[in-house]
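Peer 1: Below: one structure in structure tokens.
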Amino acid sequence: MTVALEEFTEWRDSVEARLDRLESVSDQHTEKSNQAEDLLGSIDEDLSKLQVEFRAQRKMLQALHLTQSDHTARLTRLETGVRKLDGRVEKLDGRVERLEDGMQKVEAGVRTIIGLLERNLDGDSESRDS
């Protein structure tokens, strides 16, 4: 019976050693699993933060799009107005040139009239003096 008891003791010791190793590996596995859960929680939190930032950026880009569209429309209206003003200025330039030409003709005519009047006055003065 002592042989059987010794064999049982050896068997029990080997089973306990194996059980200790299994518990150790199980504890390591549990620790790694907890770390993985913590990492997954951090990843989920980071993803939530990224989604918030992306939404904010999307809103900002939409606001920029609306602003740019508004500015483009305003610039288009301004460019159209400038083109119209350019056309009007060109017409006014032509009218001013014609007015200047007309004023030169009027001035030349007035000088001619003054010259004729002065001759007549000088001629009348001479005929009266004679």
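Peer 1: From Thr67, Thr30, grab the single residue that is surrounded by 10 or more Cβ atoms within 10 Å (Cβ to Cβ), in a helix (DSSP H, G or I) and at pLDDT 95 or above.
Peer 2: Details: Thr30 fails: at pLDDT 95 or above.
Going through Thr67, Thr30 in turn, the sole match is Thr67.
Peer 1: Would you point out which residue out of Arg55, Arg12, Arg88 is under 34 Å from the mean Cα position of the chain (by Cα) and free of Cβ contacts under 8 Å to residues at least 12 places away in the same chain?
Peer 2: Values: Arg12 fails: under 34 Å from the mean Cα position of the chain (by Cα); Arg88 fails: under 34 Å from the mean Cα position of the chain (by Cα).
Matching residue, one of Arg55, Arg12, Arg88: Arg55.
Peer 1: Still on this structure, I have one more. Kindly indicate which of Glu107, Glu6 is acidic (Asp, Glu), surrounded by 10 or more Cβ atoms within 10 Å (Cβ to Cβ) and at pLDDT below 95.
Peer 2: On the way: Glu107 fails: at pLDDT below 95.
Just a single option satisfies the conditions, and that option is Glu6.
The values are calculated or read from the model by the stated rules, or taken from the named source; none is laboratory data. Bear in mind the structure is a predicted one, so any value in this text is a computation, not a measurement. A quick note on method: Cβ atoms are made from the backbone with ideal geometry, for glycine too, and the neighbour counts reach across all protein chains shown.
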